Amino acid sequence: MIIVLKNQTTLQKREELIDWLRSKALDVHISEGQYHTVLGLVGDTGSIDTDMLEGLEIVEKVQRISEPFKKANRKFHEDDTVIETDTFTVGGGGFTLMAGPCSVESGEQLTGIAKAVKASGATMLRGGAFKPRTSPYDFQGLRADGIELLLEAKKETGLPIVTEIMNAQHLPLFEQVDMIQVGARNMQNFELLKELGRIDKPILLKRGLANTIKELLMSAEYIMAGGNEKVIFCERGIRTFETYTRNTLDLSAVAVLKELSHLPVIVDPSHATGVSRYVKPMALAAVAAGADGLMIEVHNDPAHALCDGPQSLTPAQFEDLAKTVFKVREALR
Ligand code: PEP
Ligand code: MN
């Protein structure tokens with residue numbers, strides 16, 4: 001980090017700032033130019049608040065040189081991270097195909113879909129038990145019962161499960177869940193992220209509706225800083241001025257995240273497009289872009305789904321998608 005001091009800064013004020021910076025375990029290199037003095041900070045500046053520094057009357061500007069994210073940063077971890085548990089692996093050249101309904105509606109619905117998607121090559125079962133709905137009058141999910149049904153479907157099919165958490169107080173219910181999803185609306189729920197940093201379970205961190213890639217990286221950092229380094233990114237589209245699709249799939253995020261971070265990246269073309277017929281082309285594009293996996297919403301009867309029917313594929317459409325995904329993977333080999 002570099003701090004440019006204002007022209008008339010007194011020596012005393014400058015020394016006060018330098019002393020404070022050194023008290024933060026930073027080395028301070030001073031270079032005196034003709035007009036400005038520049039302080040170069042060496043060390044872990046992650047906890048330094050640049051806005052606070054910019055607000056000081058002696059500071060002209062502050063520039064970060066190294067990114068504020070450390071644990072998620074590829075600079076400090078050159079090799080791709082492979083997330084391995086006893087039930088699944090994400091990254092490392094394999095492909096994770098998560099599929100299932102937006103929300104768990106009944107045991108029959110869930111198990112039927114789970115069997116179908118497994119037969120087509122899905123490696124994980126998704127399904128929302130706690131649903132973040134825009135309207136409080138919409139179906140809120142089966143909650144604890146939904147998790148029970150997911151566990152039953154897991155037992156019946158052997159598919160590991162991924163489901164969304166909205167409140168850290170619900171964590172005991174997630175004990176047997178294989179991967180916990182943080183949904184787009186909670187990407188910056190920092191208290192939730194901190195709690196998830198204290199557990200030893202993979203976290204699927206979805207990008208917020210209006211969040212930058214840097215903010216997504218910083219949210220991963222929140223989880224990792226607490227000790228849980230098993231974080232998987234999920235690009236699920238961002239809000240733009242476009243209205244033909246529910247969101248705009250930012251596929252460049254895959255390339256950017258892969259460059260800046262060592263963590264795996266999953267793409268969710270269902271929420272990104274909101275339209276079932278656009279899901280397959282965007283899924284294929286995501287594979288070609290280098291995603292480590294996909295999350296696809298599948299429903300046995302999309303027209304009557306309690307949530308996100310318009311973007312849900314039928315099991316037959318999912319089978320077709322999966323076949324083509326595997327062909328694209330093969331072609332890229
Ligand atoms: C979901 O996966 O069902 C979901 C609510 O996704 P998002 O948080 O990306 O909107
Ligand atoms: Mn959904």
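The values are calculated or read from the model by the stated rules, or taken from the named source; none is laboratory data. Nothing here was measured: the structure is a model prediction, and the numbers come from that model. Counting neighbours? That spans all protein chains shown, and the Cβs are built from the backbone with ideal geometry, glycine included. Ligands, DNA and RNA are excluded from the accessible area calculation, which covers all protein heavy atoms including side chains. Shrake-Rupley method; radii C 1.70, N 1.55, O 1.52, S 1.80 Å.
Structure summary
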{"read-out": "20 Å Cα-Cα reach of LYS327 towards lysines, excluding residues that sit fewer than 8 places from it in its own chain", "value": "LYS118, LYS280"}
{"read-out": "Rg ratio (alpha-carbon, reference 2.2 N^0.38 Å) - the stretch 198-256", "value": "1.25"}
{"read-out": "Accessible carbon and sulfur surface of the stretch 240-333 relative to its total accessible area, %, 1.4 Å", "value": "59"}
{"read-out": "Inverse of mean 1/r across different Cα pairs in the stretch 115-180, Kirkwood, Å", "value": "12.5"}
{"read-out": "0 to 90° range, to nearest 10: angle between helix 11-23 axis and the chain longest Cα axis", "value": "40"}
{"read-out": "CD proxy at 222 nm, helix term only [per DSSP H run n ≥ 4: -39500 (n - 2.57); per residue of the chain; nearest 500]", "value": "-10000 deg cm²/dmol"}
{"read-out": "Kirkwood Rh in Å, taken over the stretch 119-247 so that all alpha-carbon pairs contribute", "value": "15.4"}
{"read-out": "In order through the stretch 51-60: 3J(HN,Hα) via Karplus (6.51 cos²θ - 1.76 cosθ + 1.60), integer Hz, x for Gly, Pro", "value": "4, 5, 4, 4, x, 5, 5, 8, 9, 8"}
{"read-out": "Cα-only radius of gyration and Dmax that characterise the stretch 1-155, units Å", "value": "26.6, 76"}
{"read-out": "Two-site FRET efficiency, ASP27 against VAL82, from Cβ-Cβ distance with R₀ of 35 Å, rounded to 0.05", "value": "0.50"}
{"read-out": "Extension reserve of the ALA168-ASP301 stretch, reckoned as 0.36 nm per residue once the Cα distance is removed", "value": "44.7 nm"}
{"read-out": "Out-of-range pairs (alpha-carbon distance over 27 Å; input LYS155/LYS258; LYS61/LYS194; LYS6/LYS214; LYS154/LYS214; LYS155/LYS323; LYS155/LYS194)", "value": "LYS155/LYS258; LYS61/LYS194; LYS6/LYS214; LYS154/LYS214; LYS155/LYS194"}
{"read-out": "Helix axis angle, 213-225 relative to the chain longest principal axis, alpha carbon, degrees", "value": "90"}
{"read-out": "Taking only Cα atoms of the stretch 236-295, radius of gyration then Dmax in Å", "value": "11.1, 33"}
{"read-out": "Distance histogram in 10 Å bins (all Cα pairs of the chain, percent per bin)", "value": "6, 25, 30, 19, 10, 8, 3, 0"}
{"read-out": "Cys with no candidate disulfide partner in the chain (beta-carbon separation under 4.7 Å rule)", "value": "CYS234"}
{"read-out": "Rounded to 10°, Cα long-axis angle of helix 144-157 versus longest principal axis of the chain", "value": "70"}
{"read-out": "Measure of compaction for the stretch 48-114 (Cα Rg per 2.2 N^0.38 Å)", "value": "2.06"}
{"read-out": "Net charge, THR134 excluded, C-beta distance under 13 Å - Lys, Arg +1, Asp, Glu -1", "value": "+3"}
{"read-out": "Relative pair counts by distance (%), Cα atoms of the stretch 202-301, 10 Å bins", "value": "16, 49, 28, 7, 0"}
{"read-out": "DSSP loop GluC sites (Glu not before Pro) with at most 11 other Cβ within 10 Å excluded, longest remaining stretch of the chain", "value": "79-174"}
